[in-house]
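Engineer: Pasting a structure below so you can have a look.
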């Protein structure tokens, strides 16, 4: 055996991917058997050399075929399928899975066939509803039993994660999280192949993100970061870790660093994993939108869309920030109509409440808040509860007496504080300020507003454009638009034409304006609009 080959195997065993690849490349190609080729390709993948990894892994597959080792050839085919799916090359990925199925057609009593079942019946299945999740739970349990039979800890851990995720979709959150923690306990022993361990980390963190379980997400992201740092190179998983870290930074209001982390991912993983790169572009879009750079945010969302990532609810919130509340409302509700996964609906519902209130569609906002309430009950987590309280408080404030909203808004504010989410906390404080103003408690209103505006300034967010200072006395955005046009002498018909409303709707808005402001006439309303800066005098 050559010295280069000895060095390569030793380096691979201690996860020194760079040296392993270098020494495998220096070895006589004729001396590299199927197992060495597999390790050679694996080392190249860890270094982010995806085209090289694919080429060498295909050589490994054919070397196993030449040895008539169909089981290992099938495993290499599954690994190649996985790499192709990461690059969004679904046709090639499916072709490699089909080859694996063909190789194992006559030899199903083996652990390799159990892995194939995992890929085909679990990994490829998406639980968009409880009906979809039930079969995944059943199959995952069968695969766990097979893994125990074949004494394969890696397959057992993967199936455990799959079962846990499916149980969470079914609303059995405590049981599902317990299984995820069980799988992570195996990962922390460092006995699993690192590629599979990294995959488990990612699945667990994604689940925490979907649940808005921010504390658990932070804990596992920090653990993944340490795991990646312990290896000389882990390009893909380091990039995935950066996306999760960027998401957490965004929640904490560190938008500049969040954008910077996400941009590194786009540079490092563009050729390696399309879904992660798409998520990174979406994070960039959110960070730019929150800082008020709306044109750049739109480009980032569009890039995420080009890569296959739904740009919602970010794109709808962008339209709202651009002043297009009606467009935003249609967009977010179209996204809800196209989204089945219950946890995927939560951020859409949360955004829909804000957008519908701005578009003066209180009934739609109430429907979205009702669904968010139900999701928070079905999938209990501190983050979803804070979202539900925030949304319900906003709807109550828009629809009824401000006192009804106070308790929920105070609870939402406390929830966001505990989750270290300063931006959402500031948004709630602005709602509280509005509620206190309408109740006549100007001291409490000023206190909440000052706290909110200080936090927004510290975060680098633009000042609120629809706060109580700009739209006072509980007027909605639409009511303010109607009032401004009336102040400039527009008739109801002209207002209806300009705002694309019916005359009946305009009349209803005017009636609400007169009641809220205690004004007797259009002339008085016009004077109020000019006094409060809702309309500008010509000349």
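Engineer: Any idea which residue in the stretch 84-123 is surrounded by the most Cβ atoms within 10 Å (Cβ to Cβ), counting only those that are in a loop (DSSP other than H, G, I, E, B) and free of Cβ contacts under 8 Å to residues at least 24 places away in the same chain?
Structural biologist: Only one residue tops the list, namely 89.
Engineer: Count, please, the residues in the stretch 220-256 that happen to be part of a helix (DSSP H, G or I), over 17 Å from the mean Cα position of the chain (by Cα) and farther than 19 Å from residue 275 by Cα.
Structural biologist: 8
Engineer: So which residues in the stretch 316-360 are touching a helix residue (DSSP H, G or I) at 6+ places or on another chain (Cβ under 6 Å), in a loop (DSSP other than H, G, I, E, B) and farther than 21 Å from residue 289 by Cβ, if there are any at all?
Structural biologist: Within the stretch 316-360, 360 is the sole residue that qualifies.
Engineer: So, in the stretch 24-72, exactly how many residues are under 18 Å from residue 193 (Cβ atoms) and either in contact with a strand residue (DSSP E or B) (Cβ under 6 Å, 6 or more places away or on another chain) or part of a helix (DSSP H, G or I) (or both)?
Structural biologist: 22
Engineer: Working only within the stretch 12-23, note down all residues that are in a helix (DSSP H, G or I) and farther than 17 Å from residue 54 by Cα.
Structural biologist: Correct list: 12, 13, 19, 23.
Engineer: So residue 360 clears everything in (1) at pLDDT 90 or above; (2) buried (at least 22 other Cβ atoms within 10 Å of the Cβ) except one condition, right? Which one?
Structural biologist: (1)
Engineer: Please find, among 446, 494, the residue that is closer than 13 Å to residue 429 by Cα and either at pLDDT 85 or above or in contact with a helix residue (DSSP H, G or I) (Cβ under 6 Å, 6 or more places away or on another chain) (or both).
Structural biologist: Answer to the selection: 446.
Engineer: Moving on. Within the stretch 1-32, track down each residue that is farther than 28 Å from residue 190 by Cα and surrounded by fewer than 16 Cβ atoms within 10 Å (Cβ to Cβ). Reasoning before the result, please.
Structural biologist: From the stretch 1-32, those farther than 28 Å from residue 190 by Cα are 1-3, 26-31; that's our starting set.
Once the filter is applied, which keeps residues that are farther than 28 Å from residue 190 by Cα and surrounded by fewer than 16 Cβ atoms within 10 Å (Cβ to Cβ), the stretch 1-32 yields 1, 2, 3, 26, 28, 29, 30, 31.
Engineer: Of all the residues that make up the stretch 49-83, how many are touching a helix residue (DSSP H, G or I) at 6+ places or on another chain (Cβ under 7 Å) and within 12 Å of residue 119 (Cβ to Cβ)?
Structural biologist: Adding up the residues that qualify gives 7.
The values are calculated or read from the model by the stated rules, or taken from the named source; none is laboratory data. Just so it is clear, the model here is predicted, and its values are computed rather than measured. With ideal geometry, Cβ positions are generated from the backbone for all residues, glycine too; neighbour counts draw on all protein chains shown.
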